[in-house]
Amino acid sequence: MIEALTVRAGLAVRPAVPVVIAHYGTWIAVAVMFVVPPLVFRSGTALTMMSLMGISIVFALSYNMLLGQTGMLSFGHAVYFGLGAYFAVHCMNAAITSGLPVPLPIIPLVGGLGGLAFAILFGWVSTKRSGTAFAMISLGLAELVGSSALILRSFFGGEEGVTTDRTRLLRLFDISFGPQIEVYYLIAAWCLVCMVLMYKFTRTPLGRMCNAVRDNSERAQFVGYNPQFVRFLAFCVSGFFAGVAGGLAAIHFEIANSAYFSATQSGNVLLATFIGGSGYFFGPVIGAAVVSYLQVMLSDVTEIWQLYFGLLFITMVMFAPQGIAGLLMMHRPLWRRRALLKVAAAYALALPPALVMLAGIALVIEMTYRLSVKAAEGPHMTFFSVPFAADQPPAWLTAGLLIVGGFILFRLTWPIIAAAWVNAESRKELAQ
Amino acid sequence: MLELVIISILNGVQFGMLLFLMASGLTLIFSMMGVLNFAHASFYMLGAFFGFQIARWLGFWPALLIAPALVGIIGALVERYGLRNVHRQGHVPELLFTFGLAYVIEEVVQMIWGKAPVDFRVPALLDFPAFTIFTTNYPAYKLLMLLTSAGIFLVLFIVLTRTRIGLVIQAALSHPHMVAHLGHNVPLVFMSVFGVGSALAAIAGVIAGPALVTQSNMAGLLGPILFVVVVVGGLGSLAGAFAASLLIGLVQTFAVSVNTSLADVFAFAHVTPSPGSILGDLWTVTLAQIAPILPYLLLVMVLILKPTGLWGTRET
Amino acid sequence: MMTPALELCNIHKGFGATEVIRGVNLSVKTCERHAVIGPNGAGKSTLFNLISGLMRPDNGSISLKGGDITAMPPWLINRRGLSRSFQVTNIFHRMSVWENVRAGVLWSAGEHYAFWRDADKAREVGTRTDRILADFDLLDRSDAPAGILTYAEQRALEIAITVAGGADVILLDEPTAGMSRAETDRAVALIRRISEGRTLMIVEHDMSVIFGLADRISVLVYGEIVASGTPAEIRNNPKVREAYLGEEAH
């Protein structure tokens, strides 16, 4: 028994060497994933998209400090993002006009401090309530700040916002930050630092108590913690990192305007975090990357990509609330047993009918769109390069057939997947 | 001056009643099912657009009956096939589901009717001034709005307090589990309440559509105010929702007509903060300009002074 | 005379028109094991809620080790050395068993709201957590999510979290509810061990647990203490027999 105690305590204090290597190895791999891609994909679009991903990752991770870690659902997180951007822009302009030696890499920190200041101010009021009331309050405060942007024109610049020039600050090592690739590496560096800091936060006493308050705020009171104060602190730290993301955005776009506060901005970070998976640290990272990618790519394919987004979100809320990260981690026991292939085969069987069904749904949506708002442009359209007329029965019949047929076939594969899972799980777990 | 006050009171009460028409449905749904329906304002918007479309085909009066019924059915279906499945996952997923629903409804409305306002006109039958107060004409249509809201409240009040189903609903408001144990078909009650609540929001949409602007951002504009109403009134309290609706309706209507700023008030002191600063902005902004954010300032004040809301009974 | 560990003076508590606690006076000596028994609905859990700060009494005062705690929120009372368990298991279901107990240790180990150091590296916290888990026989379930434990294991975890912070006044609310005879006996031995040198207040329905564990017993009926004394005194008290124990043949 004593032996078991010391071994366990040892594990708690000094993890075994393979675990340490895995831990640092993961961070090195992440760093590589930031450094390498721009050397491979050199186009302007790619660089812009990767920069946007970096900003979104920081923003989404800060949001998950509230949602996944502390159980706080906020509909107005863009407030701290936007305020961070404004503080960054004003600081940059002040440095330019006064000639102060402020290098650009420090600016996101200014954004973070701006976000933090207002998180303290608003957080003190917001965290008086929890749950649904907190969510509604966050919505109200977001409206308050967004509307104030048009009233306080001197700070917020009215409808046009406030612009700046990132190349005119003090240059270190002769880096002007004019070219997109230099901005990308700045964003990537900050993103990596923020990821490490936010991850470490989850492992601090406060971070752990955030989880406790999420799971059972009543019980947390009886182990000596004030749940409201825990939530307030989490809110402040989250506001800081949201402000950093805002500062990075201000540098990237060289402008801060009221769109930063918009409901769309708050909604998108919620969608990204949830779709990625709020139960795991790397969930929002995946979500931010996926959503950024889809936003850029899908908008070329269809004008109503936001509708597909919303439908994806609802589907995931209903059927896969654990998000992409959760779905991946669900397969970890199978990975340990080297039994993934069994299930993969079943998935491969289910994929075609599912795609057919989805194609049918997309067809209906696109046709409806064509016949309503775009009616002026006539009923002729193409779908995956197939031309047809949207107001003719054959098109609708085809769509109906795709949906119904696809669903029936898809449904037939469900027992096959279930059986594959049972088969895979029955395999003995391999020794670690 | 008196004319302005009377007109503002009439308009304020009318706006407040419109808010309460929606807030009552929202409160009923929240009290019974524990979920705050983020898509409630979206049902209001659907009511307005369905009303507009049906009015174009069949006329305003059929639209007034058909559109809310359609939206009510949609609401019931949403509860039956969507919300009920998410319900067992907890409150946060429920709220997320209704949030996603609001998002999708807005996109669908934009897809079908576009982003510009649609021409939802007051029916010709009512397009005349009902009476004149001093020099201002009070449109008959607004009188209809007032009468419809009042009529619906009366019906609601009678149903809730004098009928058997009303008693069941009142019981389920405070003790939903107990009501289920007593053998009432709670899922059916839930579906009905959700459907009726949505229909109420849709009625508000149909009658508000011609008076206010019918546009795809309607839900986004009215939604936050609606949620402020329920939080300020106290989540789960119908009386609180009523009082808060009237309060916010009156405050906003009165504020919009006041074109004075701090600078005007303190003009005698000859104090002028520099125009390009934040203080300068605050000094010269008129009450009318900040009218849209007054509800949110009220929210912050209530949160500081009485966090559970003015009539608050339940903590979420 | 030594300051009592816990003292309740003329406590009243009502909900709406119903008064649930009607003038309770109770004194628990340091290192005493004090049981509270009474019929269902007598107000025992309400009493615990009042003492631990979940509810505020309408009238009267409560003092802990001489200091007034009447209007204090639960976390301040806990930091002063009073900890309670719940009748319905109230654990952190998404966290592991190890993390559950550690959550109970963190504050008293001085970690408070620290966000600048790694909680896993705090040696004292780790050792204390391991020791408590070993005491409660939960060490081999350390990594399991608390939500998937068996009922008895969850009850054990419930008490483990309660004592993790090293509180010297412990309130246990029906700790053996739903347990088999064997599990109850083990639980009683465990409770006796963990309450060594501490003050214990326990609500129970199982008479064998009460009479085997308690130094003193108070009987709560309809919000009033009708009798308070040693187990022998309580057993022979006619009022208690009538109100609660019924006409028992010995």
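Listed by chain and number, the lysines whose alpha-carbon sits under 26 Å from that of C:Lys121, ignoring those within fewer than 8 places in the same chain, are A:Lys200. Shown for chain B are the DSSP H helices of 20 Å or more along their axis, judged by Cα atoms, with a mean Kyte-Doolittle hydropathy of at least 1.0: B:2-33, B:60-78, B:91-113, B:140-162, B:186-211, B:218-233, B:238-256. Ranked by the mean number of other Cβ atoms within 10 Å of their residues, highest first, the peptides B:144-152, A:381-389 come out as B:144-152, A:381-389. Measuring how big chain A is from its alpha-carbon positions, Rg and Dmax come out at 24.6, 81 Å. Shown in residue order for segment A:146-154 are the 3J(HN,Hα) couplings computed by the Karplus curve 6.51 cos²θ - 1.76 cosθ + 1.60 at θ = phi - 60°: x, 6, 4, 4, 8, 8, 8, 5, 5 Hz (x for Gly and Pro).
So what does the Cα-only Debye profile of segment A:276-425 read at q = 0.09, 0.11, 0.13, 0.21 Å⁻¹, as log10 I(q)/I(0), no solvent term? Computed log10 I(q)/I(0) values: -0.39, -0.57, -0.77, -1.35.
The spread of Cα positions in chain C, taken along each principal axis and listed from longest to shortest, comes to 57, 40, 39 Å. The angle between the Cα long axis of helix C:123-135 and the main principal axis of chain C comes to about 50°, on a 0 to 90 degree scale.
For C:Glu196, the accessible surface of its heavy atoms amounts to roughly 120 Å² (probe 1.4 Å, protein chains only, rounded to the nearest 10). The per residue volume of the convex hull around the alpha-carbon atoms of segment A:65-138 is 83 Å³.
Approximating the spin labels as points 7 Å out from Cα along Cα→Cβ, the B:Asn217-to-B:Ile6 distance works out to 3.6 nm. Annotation: peptides A:253-259, A:264-270, B:195-201, ranked by per-residue average of other Cβ atoms within 10 Å with the highest first, follow the order B:195-201, A:264-270, A:253-259. Placing unit charges on each Cβ (+1 for Lys and Arg, -1 for Asp and Glu) gives segment A:314-427 a dipole about its Cα centre, and among A:Phe383, A:Met316, A:Ser426 the Cα reaching farthest toward its positive end belongs to A:Ser426. Reducing segment B:187-227 and segment C:124-185 to their Cα centroids gives an inter-centroid distance of 50 Å.
Give me the net charge for the shell around A:Tyr369: Cβ to Cβ below 12 angstrom, other residues only, Lys and Arg +1, Asp and Glu -1. Once positives and negatives cancel, what remains is -2. Could you look at segment A:59-139 and say what percent of its accessible area is carbon and sulfur, using a 1.4 Å probe and all protein chains? Carbon-and-sulfur percentage of accessible area, whole number: 76.
Under 1.5 on a/c is rounded, so check that first for segment C:144-250, then, if it is not, pick prolate when a/b is larger than b/c and oblate when it is not; a ≥ b ≥ c are the square roots of the alpha carbon gyration tensor eigenvalues. Verdict is prolate for segment C:144-250. Charges were assigned to the Cβ only: +1 to each Lys and Arg, -1 to each Asp and Glu. The resulting dipole of segment B:2-259 about its Cα centre is roughly 420 debye.
The residues of segment A:332-431 expose, per residue, 64 Å² of accessible area to a 1.4 Å probe.
Using every pair of distinct Cα positions in segment B:2-259, the Kirkwood expression returns a hydrodynamic radius of 18.8 angstrom. Model label points for C:Cys9 and C:Asp185, set 7 angstrom from Cα along the Cα-to-Cβ axis, are 4.6 nm apart.
Binning the C-alpha pair distances of segment A:69-209 at 10 Å intervals from 0 yields a P(r) profile of 11, 31, 33, 20, 5, 0 %, listed from the shortest bin outward.
By the Stokes-Einstein formula, at 1.567 mPa s and 4 °C, segment A:340-432 with its Kirkwood radius over alpha-carbon pairs has D equal to 84 µm²/s. Residue order by solvent-accessible surface for A:Arg336, A:Arg219 is A:Arg336, A:Arg219, largest first, with ligands and nucleic acids left out and a 1.4 Å probe. Highest GNM mean-square fluctuation among A:Val296, A:Val79, A:Val373, for chain A modelled with Cα contacts below 10 Å: A:Val373.
Go through A:Trp396, B:Trp57 and list them by solvent-accessible area, largest first, probe radius 1.4 Å. Provide the component values of the computation, followed by the final result.
Details: A:Trp396 95, B:Trp57 190 Å².
Ranked from most to least accessible, the order is B:Trp57, A:Trp396.
Placing a label point 7 Å from the Cα of C:Asn25 along the Cα-to-Cβ direction, the residues of segment C:49-71 whose backbone N falls under 14 Å of that point are C:60-61. Radius of gyration over Kirkwood radius for the protein assembly as shown, both on Cα atoms: the Rg/Rh ratio is 0.99. Of the residues A:Asp165, C:Asp185, ranked by 1.4 Å probe accessible area with the largest first, the sequence reads C:Asp185, A:Asp165.
Taking amide hydrogens as placed 1.01 Å from N in the peptide plane, the amide H of C:Met55 sits under 5 Å from those of C:Leu50, each at least 5 positions away in sequence or on another chain.
Distance from the Cα centroid of segment C:76-101 to that of segment A:160-207 is 41 Å (rounded to whole angstrom). Placing +1 on the Cβ of every Lys and Arg and -1 on the Cβ of every Asp and Glu, with nothing else charged, gives segment A:332-431 a dipole about its Cα centre of roughly 780 debye.
With the simple spin-label model, which puts each label point 7 Å out from Cα in the Cβ direction, the B:Leu305 to C:Trp116 separation comes to 4.0 nm. Remark on segment A:291-323: accessible area falls by at least 10 square angstrom from chain-alone to full-complex state for A:Ile304, A:Gln306, A:Leu307, A:Gly310, A:Leu311, A:Phe313, A:Ile314, A:Val317, A:Met318, A:Pro321, probe 1.4 angstrom.
Computed from backbone phi with θ = phi - 60° and the Karplus coefficients 6.51, -1.76 and 1.60, the 3J(HN,Hα) list for segment A:215-222 is 6, 6, 5, 5, 5, 4, 4, 8 Hz; x is used for glycine and proline. Heavy-atom accessible surface of A:Leu170, to the nearest 10 Å², is about 80 Å², with a 1.4 Å probe and all protein chains retained.
Secondary structure note: in the protein assembly as shown, about 65% of the DSSP beta bridges are antiparallel. When chains A and B come together, the accessible area they lose, probed at 1.4 Å and totalled over both chains, is close to 4000 Å². Positive contributions from Lys and Arg (+1) and negative ones from Asp and Glu (-1), summed over other residues with Cβ under 14 Å from the Cβ of C:Ala167, come out at +4. Shielding value for C:114-122 is 6, the average number of Cβ atoms from other chains within 10 Å of each residue's Cβ. 3J(HN,Hα) along segment C:138-146: 10, 4, 6, 9, 3, 8, 6, x, 4 Hz, from the Karplus curve 6.51 cos²θ - 1.76 cosθ + 1.60 with θ = phi - 60°, whole Hz, x for Gly and Pro.
A straight line joining the Cα centroids of segment A:361-432 and segment B:86-143 runs 33 Å. Using 0.36 nm per residue and subtracting the Cα-Cα separation, the extra length available between A:Asp391 and A:Leu409 on full extension is 3.7 nm. Projecting each Cα onto the charge dipole of the protein assembly as shown (Lys/Arg +1, Asp/Glu -1 at the beta carbon, about the Cα centre), which of A:Leu67, B:Ala39, C:Thr127 comes out farthest on the positive side? Result: C:Thr127.
Straight-distance candidates among the lysines for linking to A:Lys342, with alpha-carbon spacing under 19 Å and chain neighbours fewer than 8 residues away dropped: A:Lys428. Straight-line cross-link partners of C:Lys239 among the lysines, defined as a Cα under 28 Å from its Cα and at least 8 positions apart when in the same chain: C:Lys13, C:Lys29, C:Lys44. With a/c under 1.5 counting as rounded, go ahead and sort segment B:6-114 into rounded, prolate or oblate using the C-alpha gyration tensor (a ≥ b ≥ c being the square roots of the eigenvalues; past the cut-off, prolate if a/b is larger than b/c, else oblate). Note, shape of segment B:6-114 comes out oblate.
Multiplying the residue separation of B:Ala269 and B:Gln89 by 0.36 nm and removing their Cα-Cα distance gives an extension gain of 58.8 nm.
Averaged over peptide C:77-89, the number of partner chain Cβ atoms lying within 10 Å of each residue's Cβ comes to 2. Neighbouring Cβ atoms from other chains, within 10 Å of the Cβ of residues in C:14-25, number 0 on average.
The values are calculated or read from the model by the stated rules, or taken from the named source; none is laboratory data. Owing to the predicted nature of the structure, the values given are computational and were not obtained by experimental measurement. FYI the Cβ positions are ideal-geometry reconstructions off the backbone, even for glycines, and counts take in every protein chain you see. Note: areas computed on protein heavy atoms with side chains; ligands, DNA, RNA excluded. Shrake-Rupley method; radii C 1.70, N 1.55, O 1.52, S 1.80 Å.
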